[in-house]
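Data block below; observations after.
The values are calculated or read from the model by the stated rules, or taken from the named source; none is laboratory data. All values derive from a computational prediction rather than experimental measurement. Ideal geometry is used to build each Cβ from the backbone, glycine not excepted, and the neighbour counts take in all protein chains shown.
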Amino acid sequence: MRSEIVLGVDVGGTAIKAGAVDRRGRIVAKREIATPADGPASIMVAVGLIARELQKEAGRALAIGVGWPTPLDPERGIVLFDNKLGSAGVNIERMASRATKLPACIENDANAAALAEYLYGAARGAGSVVLLTLGTGVGGGIVLGGEVWHGRDGAAGEVGHVKVHPGGRRCLFCGRRGCLEAYAGAQAILKRYRASGKKAEGMKDVVDAARRGERLAVKIVSEMAEMIGMAVADLANVLNPEIVVIGGGVARAGDILFRPIRAAVAREALPNVSKGLRIVPAKLGNDAGLLGAAGCAWKRFGTSASSPTSTTASRRSRIASSS
Ligand SMILES: [Zn+2]
């Protein structure tokens, strides 16, 4: 017999990654296509097609989870703000459910990645997790007591805009000064590096240059690690998490990044907070988004009778399948 599956879909600005995922977080079938450029309706047509293909291969899914790259209200399924896909105000949850005829849930992509690391990755077994994702910008997600912490308006987890240097460098995203993103986001770092006449395709080139001992690259990478350490220390002082997971391509840099981050946290956080705090690289890489979307679907619709959330899940399931 085929194992039970849900579908996890990670909708990004350039690509849609989707998979059929079993209860243990194994991806049993996978697809990737370019994101249609003409808005959420076309994206959902594509999601509907992929969902059919995946189910042909892996069997009928129980539900679908969708990761969306904008702030959103996960309870109502509505996008709050969008300058990427033109989906502001759209009920993505309902659209996904209609396109696939499956109960659907949605989650912000960074939160989905945090949920994935908590359920299936580097933070498995931990009760509280802070995830930082180092990409073009710096994103993040917070899982407390096994649930994503969304905050009042679904805007929680914006760790990229933690202030690490009052009056410091200007943040390319929010325009304020001294945000972590201005020191640890690839866009800011590459802009600064190239402005001095150096060549770099991406962060890997800067990290490699730092490994070779090139002065500016060493300065940038150590400053990046120091600022991440300061932000993590503050987050740890407030949340006292069990584990901090750092993801994104540059997190694969290893010790050159993690050693100074851990040192800064040990120095800056309260001793009882930093003691025993694990700071580790993410495990799930590019699959984190789709696995987190699938995890959202499992949590909401895949509950057994013994689960304390099964009442809510079945209520939501009825709502989703009747809409
Ligand atoms: Zn900012």
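Does VAL66 fit the bill of being assigned to a strand (DSSP E or B) and buried (at least 20 other Cβ atoms within 10 Å of the Cβ)? When the stated conditions are applied, VAL66 passes them. In this structure, ARG94 does not qualify as without any contact (Cβ under 8 Å) to a residue 24 or more places away in the chain and closer than 22 Å to HIS150 by Cα.
Sub-8 Å Cβ pairs linking a first residue in region 103-127 that is within 12 Å of GLY295 (Cα to Cα) and touching a residue at least 40 places away in the same chain (Cβ under 8 Å) to a second residue that is outside any strand (DSSP E or B) and β-branched (Val, Ile, Thr), at least 6 apart or interchain, are ILE106/ILE92, ordered by first then second residue. Taking (1) at pLDDT 95 or above; (2) more than 22 Å from SER222 (Cβ to Cβ) in turn, ARG194 satisfies each apart from (2). Does GLU147 satisfy the condition of being surrounded by fewer than 24 Cβ atoms within 10 Å (Cβ to Cβ), within 14 Å of the ligand (Cβ to nearest atom) and within 19 Å of TRP68 (Cβ to Cβ)? Taking the combined requirement at face value, the residue does not satisfy it. When GLY154 is tested against (1) under 27 Å from LEU284 (Cβ atoms); (2) outside any loop (DSSP other than H, G, I, E, B); (3) of a type outside the set (Val, Ile, Thr), only condition (2) is not met.
Scanning region 90-133 for residues that are part of a loop (DSSP other than H, G, I, E, B) and more than 21 Å from ASN286 (Cβ to Cβ) yields VAL90, LYS101, LEU102, PRO103, GLY125, ALA126, GLY127.
The sole residue among GLY89, GLY121, GLY137 that is more than 16 Å from GLY229 (Cα to Cα), more than 16 Å from the ligand (Cβ to nearest atom) and under 20 Å from the mean Cα position of the chain (by Cα) is GLY121.
Residues that are within 15 Å of the ligand (Cβ to nearest atom) number at least 3 in the following helices (runs of 4 or more DSSP H) confined to region 167-252: 181-184, 186-195, 215-239.
Evaluated against (1) surrounded by 18 or more Cβ atoms within 10 Å (Cβ to Cβ); (2) part of a helix (DSSP H, G or I), LYS56 falls short on exactly one condition, (1).
GLY160 is checked against (1) in contact with a strand residue (DSSP E or B) (Cβ under 6 Å, 6 or more places away or on another chain); (2) in contact (Cβ under 8 Å) with a residue 24 or more places away in the chain; (3) surrounded by fewer than 17 Cβ atoms within 10 Å (Cβ to Cβ) and fails just one. What number does that condition carry? Going through (1) in contact with a strand residue (DSSP E or B) (Cβ under 6 Å, 6 or more places away or on another chain); (2) in contact (Cβ under 8 Å) with a residue 24 or more places away in the chain; (3) surrounded by fewer than 17 Cβ atoms within 10 Å (Cβ to Cβ) one by one, GLY160 breaks only (3). Entry remark, region 204-247: residues being touching a strand residue (DSSP E or B) at 6+ places or on another chain (Cβ under 8 Å) and among the aliphatic types (A, V, I, L, M) number 10 in total. Pairing residues of region 170-183 that are at positive phi with residues that are in a loop (DSSP other than H, G, I, E, B) and near the ligand (Cβ under 7 Å from one of its atoms), at Cβ distances under 9 Å and at least 6 apart in sequence or on separate chains, gives GLY178/CYS171.
Across region 19-53, the qualifying residues are those that are touching a Leu at 6+ places or on another chain (Cβ under 6 Å) and in a strand (DSSP E or B), and the one among them that is farthest from ALA123 (Cα to Cα) is ALA29.
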